[in-house]
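Below: one structure, written as structure tokens.
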Amino acid sequence: MTAQDELRLLPWAGPDGKPCYLSTDGQGGYVSRLADHIEAFQLGMATQLLEHSRQVLDDQTDDLEELHLLAAQLTSALRDVLRVATSRGRGPVAPARP
């Protein structure tokens, strides 16, 4: 059995939204490579969504439905990016205090 600090947080959730972990020896097996590809895809989508959000905000839209959809997509992308950061050992830190 691998120690807890050797478990990798996977970029998808398990049943009931619980986190999934992979016990790996660092050899880059199939599931590890799949997780790498999914993380890269998620980060790429977050980058595209950020650019789209800049365009929407620059247009100063009054369309509440569009803004609601954008907020939902940004929330999902932020969740994915935080999961990737956590998986890579750079995961959420306590916010700075003013």
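Descriptive notes on the structure:
Residues are listed down the side, and each one gets a yes or a no for (1) in contact with a Cys (Cβ under 6 Å, 6 or more places away or on another chain); (2) open to solvent by less than 70 Å² (accessible area, probe 1.4 Å); (3) among the aliphatic types (A, V, I, L, M); (4) modelled with pLDDT of 90 or more:
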{"residue": "Asp5", "(1), (2), (3), (4)": "no, no, no, no"}
{"residue": "Gly26", "(1), (2), (3), (4)": "no, yes, no, no"}
{"residue": "Glu39", "(1), (2), (3), (4)": "no, yes, no, yes"}
{"residue": "Leu43", "(1), (2), (3), (4)": "no, yes, yes, yes"}
{"residue": "Thr61", "(1), (2), (3), (4)": "no, yes, no, no"}
{"residue": "Gln73", "(1), (2), (3), (4)": "no, no, no, yes"}
{"residue": "Asp80", "(1), (2), (3), (4)": "no, yes, no, yes"}
{"residue": "Ala85", "(1), (2), (3), (4)": "no, yes, yes, no"}
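- Within the range 21-55, the set of residues being part of a helix (DSSP H, G or I) and hydroxyl-bearing (Ser, Thr, Tyr) comprises Tyr30, Ser32, Thr47, Ser53.
The values are calculated or read from the model by the stated rules, or taken from the named source; none is laboratory data. If you're wondering where the values come from, they're calculated on a predicted model, not measured in any experiment. All Cβ positions, even for glycine, are placed from backbone atoms using ideal geometry, and neighbour counts span all protein chains on display. For the accessible areas, the whole protein counts, side chains as well, though only heavy atoms, and no ligand, DNA or RNA atoms are used. Shrake-Rupley method; radii C 1.70, N 1.55, O 1.52, S 1.80 Å.
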